[in-house]
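Down below is the structure, laid out as structure tokens.
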Amino acid sequence: MRKITIIGAGQAGLQLGFGLLSKGYHVTLVSNRSAEEIARGRVMSSQSMYDMAVGYERDLGLAWWDDSCPPITGVHMRAGNSEGQTLIDWRSPMAAPGQSVDQRIKMPAWMREFERRGGQLMIEEADLAALERYAEASDLVLVASGKGEIGQLFERDAERSTFDRPMRTISLTYVHGMKPRSDYSALNISINPGIGEYVNFPALTLSGACDIINLECIPGGPMDRWNEVSTPAEHLELAVELIHRFFPWEAPRCGELRLTDDLGTLVGRIPPTVRKPIGALPSGRKVLGMADVLVLNDPITGQGSNNASKCTMLYLDAILAHGERTFDAAWMQQTFERYWDYAQWVARFTNTHLLPPPPQLLKVFGACGCNPELAAKVANAFDDPRSLAPWYYDEAEADRLLETFAQPA
Ligand SMILES: Cc1cc2nc3c(=O)[nH]c(=O)nc-3n(C[C@H](O)[C@H](O)[C@H](O)COP(=O)(O)OP(=O)(O)OC[C@H]3O[C@@H](n4cnc5c(N)ncnc54)[C@H](O)[C@@H]3O)c2cc1C
């Protein structure tokens, strides 16, 4: 039986672990936190996932929250200024709903299930010495440690990385009491150009259905005030104040907010980074990175957990197809390149939203307001950002696309 070790029990590590277990592999999963520690800890993400990514969970018998997690049914994008003047406003249902299950619920439940299905779970902070140990004892070691420090083992790919610093200060606030939208639940995106973004959607957390407030604050700008906050109550107060000041069209939904729990807040900065896929250990042995370790995006478009799910399934196929052969550097590079074929479009979509919108996007978003078919195309791209190329990134292509939509039927 082939032995595979995976470092990190997040979306990628666990999902791949289950996929391999289902095919008879001997899988060891190394987590620096126990299930109980994760369940009792701070929120880590807003983890909105869309149909394709949740579909892969369903295939593995792991989508346990389809009935209890409130659905994200559509996308609503607005841009406006602090006076409430609207510049962009379009909305569309998505072809299939998305969902956001608090990782404090999902990961502990999956960790227990992983052991129940015969996987070996080790609670340990994996350092280089541990990687050497696991590499010696396994046919393959995968590093799925997310933003963990051990990911520094993988060299930054300067050519594929668009930015060299965080482009937003990010704040998460999990709340109860948000007034529901009057039409349908949505990935609700508000943009105040040059200042930041407010993204909100429903989710399932430890205390039941909730809403997540994601504030994406341009560093040094008027929303970047999170160093003023020292308690959960102050965090909530600032989130509400920023919504009132910079996204006043959303303020009426935020009159009676309360935190889901004192650990339902998070502040951080993420440098969007692409890394080279192979990590060389001091002994010369090689390990392969995956998901956030290799392609880390700002959460502005909510793609990281989706990426992790999709990366997992590509890696699973590649491992199975390789049979009994050695997992050498050529196989590792080729496996990552298959993932990059997909993930580059996610990085491009996400990075585009971190910069002032180019002319073609203003045209596309403007046209979405009066063309439901085009709006649906953009809404569904959150499930598969490949569908936006080339017109999202090229003015002539966008003009061509918009012309086809302008033709009388
Ligand atoms: C504020 C914020 C909002 C987000 N919102 C969304 C969203 O709406 N939609 C979306 O799709 N994505 C979102 N993301 C991104 C998403 O959460 C990540 O991309 C996803 O969790 C990545 O999965 P992963 O398995 O690669 O890493 P992770 O989920 O980070 O898992 C890595 C695991 O490895 C463990 N670990 C780290 N180092 C070690 C070590 N040395 N030894 C052992 N274990 C280790 C960690 O504790 C962790 O459990 C968001 C992220 C942030 C920060």
Quiz item: In which sequence would Cys311, Cys69, Cys370 go, from the one with the fewest C-beta neighbours within 10 Å to the one with the most?
Solution: Cys370, Cys69, Cys311
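Fully extended, how many nm does the chain gain between Met122 and Arg285 (0.36 nm per residue separation, minus their Cα-Cα distance)? Before the final figure, lay out the partial values.
Details: separation 163, 0.36 × 163 = 58.68 nm, distance 2.12 nm.
Full extension of this stretch gives 56.6 nm more.
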Exercise. For a footprinting-style exposure proxy, rank Tyr25, Tyr315, Tyr342 by other Cβ within 10 Å, fewest first.
Key: Tyr342, Tyr25, Tyr315
Practice problem: For region 178-254 and region 96-164, compute the distance between their C-alpha centroids and round to whole Å. | Solution: 29 Å
Quiz prompt | Residue-by-residue Karplus 3J(HN,Hα) for region 171-177, coefficients 6.51, -1.76, 1.60, Hz, glycine and proline x | solution = 10, 10, 9, 8, 10, 9, x
Quiz item: How would you classify region 1-56 from its alpha-carbon gyration tensor, with a ≥ b ≥ c the square roots of the eigenvalues: rounded for a/c under 1.5, else prolate if a/b is greater than b/c, otherwise oblate?
Solution: oblate
Practice problem: Could you list which residues have their amide H under 5 Å from that of Phe382, counting only those 5 or more apart in sequence or on another chain, with H placed in the peptide plane? | Solution: none
Quiz item: Looking at Ala367, Leu266, Gly196, which one has the Cα that reaches farthest to the positive end of the dipole of the chain (charges on Cβ: Lys, Arg +1; Asp, Glu -1)?
Solution: Leu266
Exercise. Name the long-range amide H neighbours of Met223: under 5 Å, sequence gap of 5 or more, or other chain; modelled H, no Pro or chain starts.
Key: Ile218
Quiz item: Counting other Cβ atoms within 10 Å of each Cβ, which GluC sites (Glu not before Pro) in region 207-277 have at most 15 and sit in a DSSP loop?
Solution: Glu256
Quiz item: How many nm separate the modelled label positions at Thr231 and Lys276, each set 7 Å beyond the Cα in the direction of the Cβ?
Solution: 5.0 nm
Exercise. Give the shape of region 359-406 as rounded, prolate or oblate, defined through the alpha-carbon gyration tensor: a ≥ b ≥ c are the square roots of its eigenvalues, a/c under 1.5 means rounded, and otherwise the shape is prolate if a/b is larger than b/c and oblate if not.
Key: oblate
Quiz item: Are any of the pairs Lys147/Lys179; Lys147/Lys310; Lys276/Lys377; Lys23/Lys286 more than 26 Å apart by Cα-Cα distance, and if so, which?
Solution: Lys147/Lys179; Lys276/Lys377
Quiz item: Residue-wise, which Karplus ³J(HN,Hα) couplings in Hz belong to region 70-83, taking 6.51 cos²θ - 1.76 cosθ + 1.60, θ = phi - 60°, and x for glycine or proline?
Solution: x, x, 9, 8, x, 10, 10, 10, 10, 10, x, 9, 5, 7
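State the extension gain, in nm to one decimal, for the chain segment bounded by His244 and Glu155, taking 0.36 nm per residue of separation less the distance between their alpha-carbons. Show your work: numbers first, answer last.
Numbers: separation 89, 0.36 × 89 = 32.04 nm, distance 4.21 nm.
Extra length from His244 to Glu155 when fully extended: 27.8 nm.
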Exercise. Pull up all non-local amide H partners of Ile6: gap of 5 or more, or a different chain, and H-to-H distance under 5 Å with H placed in the peptide plane.
Key: Thr28, Leu29, Val30, Leu142
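For region 359-406, what is the relative contact order in percent, using Cα pairs closer than 8 Å and at least 6 residues apart in sequence?
On the way: 32 pairs, mean separation 21.5, N = 48.
Computed value for region 359-406: 45 percent relative contact order.
So how strong a dipole does the chain carry about its Cα centre when Lys and Arg Cβ are +1 and Asp and Glu Cβ are -1, to the nearest 20 debye? Please list the in-between numbers first.
Values: 39 positive and 51 negative charges, 102 e Å.
About 500 debye.
Looking only at the chain, where both bridge partners belong to it, what percent of the DSSP beta bridges are antiparallel (to the nearest 5)? Show your work: numbers first, answer last.
On the way: 45 of 67 bridges.
Expressed as a percentage, antiparallel bridges in the chain total about 65.
Count neighbours as other Cβ atoms within 10 Å of each site's Cβ, and list the chymotrypsin sites (Phe, Trp or Tyr not before Pro) in region 207-274 that are DSSP loop with at most 14 such neighbours.
Details: sites: Trp226, Phe246, Trp249; in loops: none.
Those that pass, being in a loop and sparsely packed, number zero.
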Exercise. Name the residue farthest towards the positive end of the dipole of the chain from the options Ser92, Ile6, Ser182, assuming +1 on Cβ of Lys and Arg, -1 on Cβ of Asp and Glu, about the Cα centre.
Key: Ile6
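For the chain, what does the equivalent ellipsoid look like in terms of its semi-axes, each the square root of 5 times an eigenvalue of the Cα gyration tensor, given largest first in whole Å? Spell out each step's value before the answer.
Working: eigenvalues 252, 122, 79 Å².
Working from the Cα gyration tensor, I get semi-axes of 36, 25, 20 Å.
If each residue's Cβ is checked for other Cβ atoms within 10 Å, how do Lys286, Lys310 rank with the fewest at the top?
Details: Lys286 17, Lys310 22.
Ranking Lys286, Lys310 by Cβ neighbours within 10 Å, fewest first, gives Lys286, Lys310.
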Quiz item: Taking θ as phi - 60°, what are the ³J(HN,Hα) couplings along region 60-66 by the Karplus curve (6.51, -1.76, 1.60), each to the nearest whole Hz, with x for Gly and Pro?
Solution: 8, x, 10, 8, 8, 10, 4
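Helix-derived [θ] at 222 nm for the chain: sum -39500 (n - 2.57) over DSSP H runs of at least 4, divide by residue count, nearest 500? Spell out each step's value before the answer.
Working: 11 runs with 138 residues, N = 409.
For the chain, the value works out to -10500 deg cm²/dmol.
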Quiz item: Tally Lys/Arg at +1 and Asp/Glu at -1 over every other residue whose Cβ is under 10 Å from the Cβ of Leu238; what's the total?
Solution: -3
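Bear in mind these aren't lab numbers, they're just calculated from the coordinates by the rules spelled out. It should be emphasised that the depicted structure is a prediction, and the values quoted were computed from it without experimental measurement. With ideal geometry, Cβ positions are generated from the backbone for all residues, glycine too; neighbour counts draw on all protein chains shown.
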